[in-house]
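Read through the structure below, which is laid out as structure tokens, and then see the notes.
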Amino acid sequence: MPKYNPAKIEKKWQKYWEDEKLYQVSDSGHDKKNFMLLVEFPYPSGDLHIGHWYAFSVPDIYGRYLRMSGFNVMYPIGFDAFGLPAENAAIKNNIHPRDWTEKNIKNMSKQLRSMGAAFDWTREVSTIDPEYYKWTQWIFLQLYKAGLAYRAETLVNWCPKDMTVLANEQVIDGKCDRCGTAVEQRNLAQWMFKITSFADRLIEDMKDLDWPDSTKLAQKNWIGKSEGININYDVDGTDKQITVYTTRPDTNFGATFIVVAPDSQFVKENKDLFSNPEEIEKYLSESRKKSDLERIAEGRKKTGVSTGLYAVNNLTEKKMPIYVSDFVLASVGTGAVVGVPGHDIRDFEFAQEKGLEVIRVVVGKDGDDSPITKIEQVQEEDGTVVNSQFINGLNIHEATEKIKDYIEEKAWGKRAVNYRLHDWVLSRQRYWGVPIPMVHCADCGYQPVLEKELPIELPPLKDFMPTDDGRSPLAKAGKWLKAECPNCGKPAERETDTMDTFVDSSWYYMRYTDPDNKEEFASKENMAKWLPVPLYFGGAEHNTMHLLYSRFITKALNSQNLVEFSEPFLGRRNHGVILGPNNQKMSKSKGNVVDPDEQVEKFGADTVRMYFAFMGPYDQNYSWNFEGVVGVRRFLDRVWNFTNKLITDNKKLITEPVETRVAIHKAIKNIGEAVKSHKFNVGVSELMKCLNAIENSELSVLSYQSFVKLLAPFAPHIAEELWFRLQMQSRILDSQSESGQVPENYTSIHAEKWPEFDEALLLEESATLVIQVNGKFRDSIKVKRGLSEEEIKKIVLANEKVQKAIDNKEIKKFVYIQDKLTNIVV
RNA sequence: GCCCAGGUGGCGAAAUUGGUAACCGCAAGACACUUAAAAUGUCUCGCUCGCAAGGGCUUGCCGGUUCGAGUCCGGCCCUGGGCACCA
């Protein structure tokens, strides 16, 4: 038998699997249970990086295990191929985004095949394929029909470098998450999805999902539901009212002022009432210029101007001055807050700045009711209400409910719910995306494109450079731009914005069930066979983006009876990030990028896969350790050489000692349990333990086969080769083939069943009994199973080490856990 | 500031879920094979006292519950992540 040469055998088997269509799954016609094992489809950035390997090769272990355990496992793959990087790279390299993207897809498909994953390539989807984005557009139209897609002018995040609008989710610390440029606010008319109308269900429906708690919490916090009350105050001397949202109406007796946001509705509508319009106008233009970043840099310093107006607090009949300040945000609540400086830090800061009255209306546990003069006194987690007439003495939570009831009774306000979540701005002023299928008619306004006209194909523009005027490069596509109004037939113009690529990726999992369907995005029959997705592996960075968007689109389609389920992914597991050897994020500029192709060339795909599995729990981050990989390679070498020993001296493949058989059965049990619970590192470790136990023993053919099967999900190529060689050896196959040709009657190990273990074999006759004295380990002895406490006591007390430890002291207590442990307390 | 996750040898980690802490692997050291090196194999390998037999200590820190705590409870200290002037 030659030396283990992964380069040779891996290519051979990859080709064989593909030729034999081993991983193509049918939707029905079998008696197995369907299981879609979903991984996040990659963006075709150019080359497969180490993160892709981690993301796809480790779940593949699980998929292969499920397959061997009798499931019909679909492991689909595709490309999320629209998006900004293609344009930026295209501009840089003077190449069209489509050419750049298609070249990358080709390259990465090849690289993906070198992983030896059980991908079903016949179901490949690509979001740039018109046959795919036809349905992305169709979904948009369904949402439009349902009133879930609309156009509105709002303050949006604008990236001045990428020259496009960004969703809130794509702004990190006030910067564009793609290029890091400080984001500006612009007032633009944009297409939006009404994700807020599902806010409550997006929170509630999570309780039935088998997702990491951290992911669920991240979504819950992102949606940010708060329950409070909108209170209307009369503006003194006018017929106007001002509405503020508060979650703490119990503190309203301590309210001394009102603050409105510069770009709030109230300011827009009441400019003529302000006593100092010039000063206010100046403040507004200054604050408008400030980016979020500058605002953050400014820290907590409060600025603002008085409007000269007063609001009347019905509870106290006090007049409260109304200010404009940029610490209040127009997009939160009603864009106006009531200032309670005694019990809100921001209000206190503002009051200090403007010399406004501070009233204490809550006392803490210490009962201290002295006037509040320092910021530290403002923080009170819990307390009792004071100085507040009829709610005095109540706990703040009781007071909150009582005052809400009171205000509603008096018709001064109404309970209200607020969300941090805002509607999803999906318009992008960029070329490389799915055109939004709308037409603008001078007479009829915006009209949806007729479904039969889909797809509205992206025109092959030469000049796709973005512009700063807020319009997409598609505005330059003269011929394409012209359309007939679907409503009146007059000449009209197409919408030029493209969709956020998160729309493309929010439904791709549905397409996998029916990738070639020309009539529907996916047939209901096929979706029923596979969906919802039982398990989805991916990165934690999608907690509040892709996963939330996908849930929304699913719920939206479900609300229109277009899909039968309302949650897309029942199970979710996050993977960690692979860092460079210097423990930092891999990046070209840091020069710490580890090329998976190089590692595969050096060690083989099986070693790289198994090393990823072996690193540790799958959801943690690890740095690539060039020295650590060799351990796995050494293991596979040993497996190979061990087989060699068995096969060349085939007397050895007949019988085996009991201990060896036990070791195999233990491995079957432990590895199965480990993989089932996604503890892949434990699985590898158990495999190594098993080899250590059997390596120098004789082994029955059956046990050897079991061992290779256990190896198969982790290292599919070497397992296949060993399986193949065994069949040749045992002359199951008639034709000897050293040329690498696989005979026709060969059956792949990956079509085999996961071995079963014999529970009785694992239950050893004798148990190891741990003996403790005063909780300290003193000895461990082998005892017959099932002995009574009396019998054990006799044996244990006769033990020399125990006697020494007891030292003739009186035994106060004798603890006995059958077949496990005794503890003698003296 | 609020909300998560985590802290175990030189390193990645394991621990039957309250019952022998450190499995498996990396690195390191010694030996064998070799003219030599690599590869491979065998042994040692938490800290500490001891020539040894053997003993003591050890899961971020302090305290508690328990016959018994890495695991449960309370308080604190670090590290990583998410949200953040959200009213």
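A few comments on the model shown:
- For segment A:484-513, filtered to residues that are out of contact with any helix residue (DSSP H, G or I) (no Cβ under 9 Å at 6 or more places or on another chain) and among the small types (Gly, Ala, Ser), the residue that is most open to solvent (accessible area, probe 1.4 Å) is A:GLY489.
- Residue within segment A:218-238 that is among the acidic types (Asp, Glu), free of Cβ contacts under 8 Å to residues at least 40 places away in the same chain and either closer than 20 Å to A:LEU309 by Cα or open to solvent by 10 Å² or more (accessible area, probe 1.4 Å) (or both) present: no
- Residue check, A:VAL259 more than 15 Å from RNA strand B (Cβ to nearest atom), touching a residue at least 60 places away in the same chain (Cβ under 8 Å) and on the phi < 0 side of the Ramachandran plot: no
- When residues of segment A:332-356 are limited to those that are in a loop (DSSP other than H, G, I, E, B) and more than 7 Å from RNA strand B (Cβ to nearest atom), the one farthest from A:ASN418 (Cα to Cα): A:GLY355
- Test: residue in segment A:197-210 that is in contact with a strand residue (DSSP E or B) (Cβ under 9 Å, 6 or more places away or on another chain), open to solvent by 40 Å² or more (accessible area, probe 1.4 Å), assigned to a strand (DSSP E or B) and not aliphatic (A, V, I, L, M): yes
- Taking segment A:568-599 as the range and being out of contact with any strand residue (DSSP E or B) (no Cβ under 9 Å at 6 or more places or on another chain) and either surrounded by fewer than 23 Cβ atoms within 10 Å (Cβ to Cβ) or assigned to a loop (DSSP other than H, G, I, E, B) (or both) as the test, the residues that pass are A:SER587, A:LYS588, A:SER589, A:LYS590, A:GLY591, A:VAL593, A:ASP595, A:ASP597, A:GLU598, A:GLN599.
- A:VAL682 passes every criterion in (1) within 14 Å of RNA strand B (Cβ to nearest atom); (2) under 24 Å from A:SER748 (Cβ atoms); (3) within 32 Å of the chain's Cα centre (by Cα) apart from (2).
- Residue match in segment A:602-621 (condition: farther than 19 Å from A:TRP53 by Cβ and either part of a helix (DSSP H, G or I) or of a type in the set (Gly, Ala, Ser) (or both)): no
- Residue pairs whose Cβ atoms lie under 8 Å apart, separated by 6 or more positions or on different chains, with the first residue in segment A:685-697 and farther than 11 Å from A:LEU646 by Cα and the second near RNA strand B (Cβ under 6 Å from one of its atoms) and open to solvent by 60 Å² or more (accessible area, probe 1.4 Å), are A:LEU691/A:ARG638.
- A:ILE359 being part of a loop (DSSP other than H, G, I, E, B), crowded, with 17+ Cβ neighbours inside 10 Å and either within 16 Å of RNA strand B (Cβ to nearest atom) or not aliphatic (A, V, I, L, M) (or both): yes
- For segment A:75-115, filtering for residues that are surrounded by fewer than 16 Cβ atoms within 10 Å (Cβ to Cβ) and part of a loop (DSSP other than H, G, I, E, B) leaves 2.
- Enumeration of residues in segment A:765-779 that are surrounded by 11 or more Cβ atoms within 10 Å (Cβ to Cβ) and more than 10 Å from RNA strand B (Cβ to nearest atom): A:SER766
- Answer residue from segment A:120-141, given it is under 16 Å from A:GLU20 (Cβ atoms) and open to solvent by 10 Å² or more (accessible area, probe 1.4 Å) and is nearest to the chain's Cα centre (by Cα) among those: A:TRP121
- Residues (open to solvent by less than 20 Å² (accessible area, probe 1.4 Å), more than 18 Å from A:TYR4 (Cα to Cα) and part of a loop (DSSP other than H, G, I, E, B)) located in segment A:698-719: A:LEU699, A:SER700, A:PRO713
- Scanning segment A:641-675 for residues that are farther than 15 Å from A:LEU687 by Cβ, in a helix (DSSP H, G or I) and open to solvent by 50 Å² or more (accessible area, probe 1.4 Å) yields A:ASN641, A:LYS645, A:THR648, A:ASN650, A:LYS651, A:LYS652, A:VAL658, A:GLU659, A:ARG661.
- Candidates are the residues of segment A:467-482 that are open to solvent by less than 20 Å² (accessible area, probe 1.4 Å) and outside any helix (DSSP H, G or I); the one that is farthest from A:TRP158 (Cα to Cα) is A:ALA477.
- Cβ pairs under 9 Å, 6+ apart, first in segment A:627-646 and without any contact (Cβ under 8 Å) to a residue 40 or more places away in the chain, second among the β-branched types (Val, Ile, Thr): A:VAL629/A:THR607; A:VAL629/A:VAL608; A:VAL630/A:THR607; A:ARG633/A:THR607
- Filter result (among the aliphatic types (A, V, I, L, M) and open to solvent by 10 Å² or more (accessible area, probe 1.4 Å)) within segment A:398-448: A:ALA411, A:ALA416, A:VAL417, A:VAL425, A:ALA442
- Screening the candidates A:LYS782, A:LYS820 for the property of being closer than 30 Å to A:GLY672 by Cα, at pLDDT below 85, within 12 Å of RNA strand B (Cβ to nearest atom) and open to solvent by 80 Å² or more (accessible area, probe 1.4 Å) yields one hit, A:LYS782.
- Single unsatisfied condition, A:ALA330 versus (1) out of contact with any helix residue (DSSP H, G or I) (no Cβ under 6 Å at 6 or more places or on another chain); (2) over 17 Å from A:ILE242 (Cβ atoms); (3) among the hydrophobic types (A, V, I, L, M, F, W, C): (2)
- Among the residues of segment A:615-640, the one identified as open to solvent by 90 Å² or more (accessible area, probe 1.4 Å) and within 23 Å of A:SER703 (Cβ to Cβ) is A:ARG634.
- Matching option when the condition is outside any strand (DSSP E or B), polar (S, T, N, Q) and either in contact with a helix residue (DSSP H, G or I) (Cβ under 6 Å, 6 or more places away or on another chain) or touching a residue at least 12 places away in the same chain (Cβ under 8 Å) (or both), among A:ASN418, A:ASN387: A:ASN387
- Scanning segment A:786-817 for residues that are of a type outside the set (A, V, I, L, M), in a helix (DSSP H, G or I) and either in contact (Cβ under 8 Å) with a residue 60 or more places away in the chain or more than 8 Å from RNA strand B (Cβ to nearest atom) (or both) yields A:GLU789, A:GLU790, A:GLU791, A:LYS793, A:LYS794, A:GLU800, A:GLN803.
- A single member of A:TYR310, A:TYR323 is of a type in the set (Ser, Thr, Tyr), open to solvent by less than 40 Å² (accessible area, probe 1.4 Å), more than 10 Å from RNA strand B (Cβ to nearest atom) and more than 25 Å from A:THR181 (Cβ to Cβ), and it is A:TYR323.
- Residues that are farther than 24 Å from A:PHE569 by Cα and either of a type in the set (Asp, Glu) or open to solvent by 50 Å² or more (accessible area, probe 1.4 Å) (or both), drawn from segment A:14-29: A:LYS15, A:GLU18, A:ASP19, A:GLU20, A:LYS21, A:GLY29
The values are calculated or read from the model by the stated rules, or taken from the named source; none is laboratory data. In this text, all values refer to a predicted model and were calculated from it rather than measured experimentally. A quick note on method: Cβ atoms are made from the backbone with ideal geometry, for glycine too, and the neighbour counts reach across all protein chains shown. Note: accessible area is taken over every heavy atom of the protein model, side chains too, but ligands, DNA and RNA are not part of it. Shrake-Rupley method; radii C 1.70, N 1.55, O 1.52, S 1.80 Å.
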